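No value in this document is a laboratory result; all are computed from the given coordinates. As the structure is a prediction and not an experimental result, all values here were calculated from the model. We place every Cβ from the backbone using ideal geometry, glycine too, and count neighbours over all the protein chains shown.
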Amino acid sequence: MRHSLTEAIEKALRWSGPDGLGVGFARGVLPDPGLCTRLLTPSRLLDVVMRRALSPPQFRCFRDGDELAPDAFLSQLVTRRSQVLPVADMDRLHVLMRSGCSIVLDALDSFDPTMEIACRALQWWSRELVQVNTYLTTNDAAGFSLHWDDHDVIVVQIGGEKSWQVRGTSRPAPMYRDAEPNTVIPEQIVWSGTMRAGDVMHIPRGYWHQATRAGLGTGYSLHMTFGFVKRTGVDWMSWVADRSREREPFRHDLHRWGTQTERGDQEHALVAEMEQLLLDYPIQAYLAAREQQRPPPRHVDTGGVFGPPAAVVCVTDFPPHLEIGPTGVEVVAAGKKMTFAARAEPALRRLLSGHPVQLDAVSAATGVDAAAVAGSLIQEGVCAEVTEALSSGYTGMIPTDG
């Protein structure tokens, strides 16, 4: 899937692909500053905040660097049927923004189609799961204190400006669940300066950093942080350990009360089985299974109630795997394996491109009944009908296709 954001990030950071993720700090400028307002604006973010039922920790507000209690910015909306919904109190938020505060909304991709598609494009690009969090800071509000993240991030400054300081690591490859804490702040400063609209920055996992508008006076900052949760050796080992349930020796009780010889024989047998497991389930098998077995994401499925779909798009978290055989084309995605006739290959490549396609155009270009092929893909959750909202998320962000 080609997408303006992934291509712009590569150019800004002088990368030729995702292999720079996690390698080192990088900073640059988007080649097209107009991309910022296409992605998000402060008013659009506040519109989302106003129209959704939100609560901490997804939606938070900070003043002077401290997190405010929910009742400082939330209220309870009681519907006619006495349903109570937590919603943003826009009057209180107005006062807080005037005095200076930071509004944080995590996982904007779960609400906004443009962000949903941007994260999907970044997932296809990086082969890692991606979530976008947004930060709106007004006037001279302070930000978070120095901290580190347990994942790589790419920061895109959308509007206004904010001062940053980025330091190095104090523990190699720290993890959320780790063998020891990571609390010593390093003295080495990798970069400090001001991020302005269109600036992009990559902060690898474990790098300490902080951002603030303190001392900048009136104004605002809006930036989004794309988090990339990469797989580690621990994840691979956990996956292999789960595979051990397939082998009978691992399902037997340990010989706690057996003789020394019995305990030793069992341990040696299990070690041998574990060595074989590692050979049978290598790292590449784990990474492939992780991509191919991801369940379908949330999407609209009308089931043809309102008529057959005119356009569809592939909505899997990662690119579907196509294997061309002598008798057909096998598609593996969303935890499903589907087989199509060999002549369906040209249509499948268009339908699974990650770009919205018009079915009649695909049929005309390939001579294949695209509606029939798409019907199977929709049924299995690999593709989805292109709704008005979904279409808006692609507009101006990808090349025209089909």
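How big is D, in µm² s⁻¹, for the chain by Stokes-Einstein at 25 °C and 0.890 mPa s if Rh is the Kirkwood radius over C-alpha pairs?
Values: Rh = 24.1 Å.
Translational diffusion coefficient: 102 µm²/s.
Given a cut-off of under 8 Å on Cα pairs at least six residues apart, what relative contact order in percent is computed for the range 311-394?
It rounds to 35 percent for the range 311-394.
Which peptide among 248-261, 182-195, 362-375 comes first, and what is the full order, when sorted by highest mean count of other Cβ atoms within 10 Å?
With the highest mean Cβ count within 10 Å placed first, the list reads 362-375, 182-195, 248-261.
For the range 233-288, with only Lys/Arg (+1) and Asp/Glu (-1) charged at the beta-carbon, what is the dipole magnitude about the Cα centre, in debye rounded to 20?
Working: 6 positive and 11 negative charges, 24 e Å.
Magnitude of the dipole: close to 120 debye.
Give the shape of the range 311-394 as rounded, prolate or oblate, defined through the alpha-carbon gyration tensor: a ≥ b ≥ c are the square roots of its eigenvalues, a/c under 1.5 means rounded, and otherwise the shape is prolate if a/b is larger than b/c and oblate if not.
Note, shape of the range 311-394 comes out oblate.
With a 10 Å radius around each residue's Cβ, average the other Cβ atoms per peptide and rank 138-144, 57-63, 351-357, highest first.
Highest-to-lowest ranking by the protection proxy: 351-357, 138-144, 57-63.
Given Cα pairs under 8 Å that are at least 6 residues apart, what percent is the relative contact order of the chain?
16 percent
Quick check on the range 233-288: what are the equivalent-ellipsoid semi-axes from the Cα gyration tensor, as sqrt(5λ), descending, whole Å?
Its equivalent ellipsoid spans semi-axes of 26, 10, 9 Å.
At what distance in angstrom do the alpha carbon centres of the range 349-398 and the range 16-92 lie from each other?
Value for the Cα centre distance between the two parts: 31 Å.
Suppose every K and R has +1 on its Cβ and every D and E has -1 on its Cβ; what is the size of the dipole of the chain about the Cα centre, in Debye to the nearest 20?
760 debye
Any idea how far apart Ser99 and Asp280 come out in nm if each label point goes 7 Å out from Cα toward Cβ?
Simple spin-label model gives 6.3 nm for this pair.
Mind listing the long-range amide H neighbours of Gly168? Cut-off is under 5 Å, sequence gap 5 or more, other chains count too, H placed in the peptide plane at 1.01 Å from N.
Gln188, Val190, Trp208
Run the numbers for Ala341 and Thr194: contour at 0.36 nm per residue of separation, minus the present Cα-Cα distance, in nm.
47.3 nm
Give me the number: length gained by fully extending Thr259 to Glu323, i.e. 0.36 nm times residue separation minus the C-alpha to C-alpha distance, one decimal in nm.
17.9 nm
With a Förster radius of 30 Å, plug the Cβ-Cβ distance of Phe250 and Gln58 into 1/(1 + (r/R0)^6) and report the FRET value to the nearest 0.05. Walk me through the numbers before you get to the answer.
Working: r = 39 Å, r/R0 = 1.30.
The calculated FRET efficiency here is 0.15.
Helix-only mean residue ellipticity at 222 nm, the chain, DSSP H runs n ≥ 4 weighted -39,500 (n - 2.57), per residue, nearest 500. What is it?
It comes out at -9500 deg cm²/dmol, rounded to the nearest 500.
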